[in-house]
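Remarks on the structure that follows.
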Amino acid sequence: MAGLVLALDVTDGRRAREIAEEVAEYVDYIKVGYPLVLSAGMGIVSEISRFAPVICDFKVADIPNTARLITERAREAGAAGIICHAFPGRDSMRAVVEAAGDMMVIAVTEMSHPGAEDFMAMHAEDMARAAREVGVHGIVAPATRPLRIKVLRVAAGDEMLIFTPGVGAQGGRLEAAVEAGADYVIVGRSIYAADNPRAAAREFRERLDQMTPRR
């Protein structure tokens, strides 16, 4: 059964905690990025972890030593996972994996916005294979282009998880993403900006539960 990840891209710490508590019953992970951390501080990671496991979406893209330092900060804050970019290469991804400890490491191979087709898409399969080689647990593939999920599933292999952003506000369809091979769908504004985030999260969860498991 595919899982649900909330991309909590708000900038108010109090509101972030409120939403996290409201939706915790229906999400598998809550993904936080720089907008929230830069506004509320790294402590928000441990605060939200009281409600659901947190993935730090820091899209780490630097030399190995810097990648290691960022990963260590996320681990110390209590994160369950961290997202890095694959394009800096095997050595940088390996540094994240080695520093992650028990954290899950997810590598971005192709993003969900149109600009990803300018440069990322043409190298995404190679990046997925490189991520697999260095022990990354999962990759990011776009819900806005389900055919690319299928292609990247072949490159990544069945043992890797696929997290797919772009469901909802960006136009990606939950059902199409899961049918294409996604293990987790990432939903942001369609949940956190809804009049009732709890009800919105419940609706997405119910849609996932109604689908036939891919594997």
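Here, each number is a calculation from the coordinates, and none is a lab measurement. Just so we're clear, the structure is a prediction, and the values are computed from it rather than from any experiment. All Cβ positions, even for glycine, are placed from backbone atoms using ideal geometry, and neighbour counts span all protein chains on display.
Short-range pairs are left out: with C-alpha atoms under 8 Å and at least six residues apart, the relative contact order of the stretch 123-208 is 25 percent. Entry note, the chain: relative contact order of 21 percent, from Cα contacts under 8 Å with a spacing of 6+ residues.
So how do 77-84, 126-133 stack up, highest first, on mean other-Cβ count within 10 Å? Intermediate results must be reported in sequence, preceding the final value.
Numbers: 77-84: 22.8, 126-133: 19.8.
Descending mean neighbour count gives 77-84, 126-133.
Compared with the alpha-carbon gap, the fully stretched path from residue 66 to residue 123 is longer by 18.2 nm at 0.36 nm per residue. Overall form of the stretch 3-209: oblate. Here a/c, set by the Cα gyration tensor axes a ≥ b ≥ c, is 1.5 or more, and a/b is not larger than b/c. For the pair residue 159 and residue 202, a Förster radius of 35 Å applied to the C-beta separation gives a FRET efficiency near 0.70, rounded to the nearest 0.05.
Please give the Cα centre distance for the stretch 141-186 versus the stretch 4-65, rounded to the nearest Å. What the calculation gives is 21 Å, centre to centre. Peptide packing for 117-123, 148-154 was compared via the average number of neighbouring C-beta atoms within 10 Å per residue; ordered from the highest value, the list is 148-154, 117-123.
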